[in-house]
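What follows is a set of notes on a single structure, which appears directly below.
The values are calculated or read from the model by the stated rules, or taken from the named source; none is laboratory data. None of the values given here were measured: they were computed from a predicted structure. Reconstructed Cβ throughout: ideal geometry from the backbone, glycine too, with neighbour counts over all protein chains shown. SASA here: full protein model, heavy atoms, side chains in, ligands and nucleic acids out. Shrake-Rupley method; radii C 1.70, N 1.55, O 1.52, S 1.80 Å.
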Amino acid sequence: MASLAARMASASLNRSVRVAAARNVLAPAGLAAQVRLNHNSARETTNIPDFSKYKSGSGDATNRAFSYFMVGTTGAVSFLGAKTTVADFLANMSASADVLALAKVEVDLSTIPEGRNVTIKWRGKPVFIRHRTADEIDEANAVNITELRDPQNDAERAQKPEWLVMLGVCTHLGCVPIGEAGDYGGWYCPCHGSHYDISGRIRKGPAPLNLEIPAYSFEEGNKIIIG
Ligand code: FES
């Protein structure tokens, strides 16, 4: 009877192994032997080509030098490209030749008679040029500048006494004063009643400062360049 039970247990174990093999799994733990299934170690399923003939014959140092060379070259090319881009951008932002030409204005003074005003346009603003008489120069120099709101000698305002060059913009709120008008025989701003003398200095009214003197220079041939 015991022998029959042993044979039945052995047959049950063999059946379990066969079932596990059919399901492609390992035999349960506790079995005396594990059965590894579906593994064909004898057959090579992945064939890797031999690339050894493409391998560099040189050493590491040569490869490293080549890498450094490539990195350096790429950096240099990138730098030159960035430099060119920035240079082009700045060139586009700078003033063009026609704009620069308008920055300066040349005036022929020989066309302005003594005792007369001329108004020209410079950078969008009026510029007064007065050919002053000897009496007007004396009058400008006779003023006690300590009494002025914006003390300035006439010599500080005119490079040559006979020529007075000023921006025609009231220093109060920017109106354009009228020439040969006002209480001091110079310029008068009708907007709020500012009076400037024959040197363009503020003498009365709300304007805080004298009329501004622009940059200018005298040139050959009785010409002046403003700007
Ligand atoms: S703007 Fe000339 S007095 Fe006001």
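Averaged per residue, the stretch 112-161 has 61 square angstrom of accessible surface, using a 1.4 angstrom probe with ligands and nucleic acids left out. Charge tally for Tyr216 (other residues, Cβ to Cβ under 11 Å; Lys, Arg +1; Asp, Glu -1): +1.
Would you mind working out the accessible area per residue for the stretch 176-225, using a 1.4 Å probe, and quoting it in Å²?
Working: 2190 Å² over 50 residues.
Heavy-atom SASA per residue in the stretch 176-225 reads 44 Å².
Here the 3J(HN,Hα) profile of the stretch 176-185, calculated from phi with Karplus coefficients 6.51, -1.76 and 1.60 at θ = phi - 60°, is 9, x, 9, x, 6, 8, x, 6, 10, x Hz, Gly and Pro shown as x.
Element breakdown for the stretch 136-223 at a 1.4 angstrom probe: carbon and sulfur atoms account for 49% of the accessible area.
Rounded to whole Å, give me the distance from the Cα center of the stretch 131-152 to that of the stretch 175-215. Centre-to-centre (Cα) distance: 13 Å. Using Cα positions and a limit of under 18 Å, work out the lysines in reach of Lys104, with same-chain residues fewer than 8 apart set aside. Excluding near neighbours in sequence, the set is Lys121, Lys125, Lys223.
Summing charges over neighbours of Ala158, with a neighbour being any other residue whose Cβ is under 11 Å away from its Cβ, gives 0 when K and R count +1 and D and E count -1.
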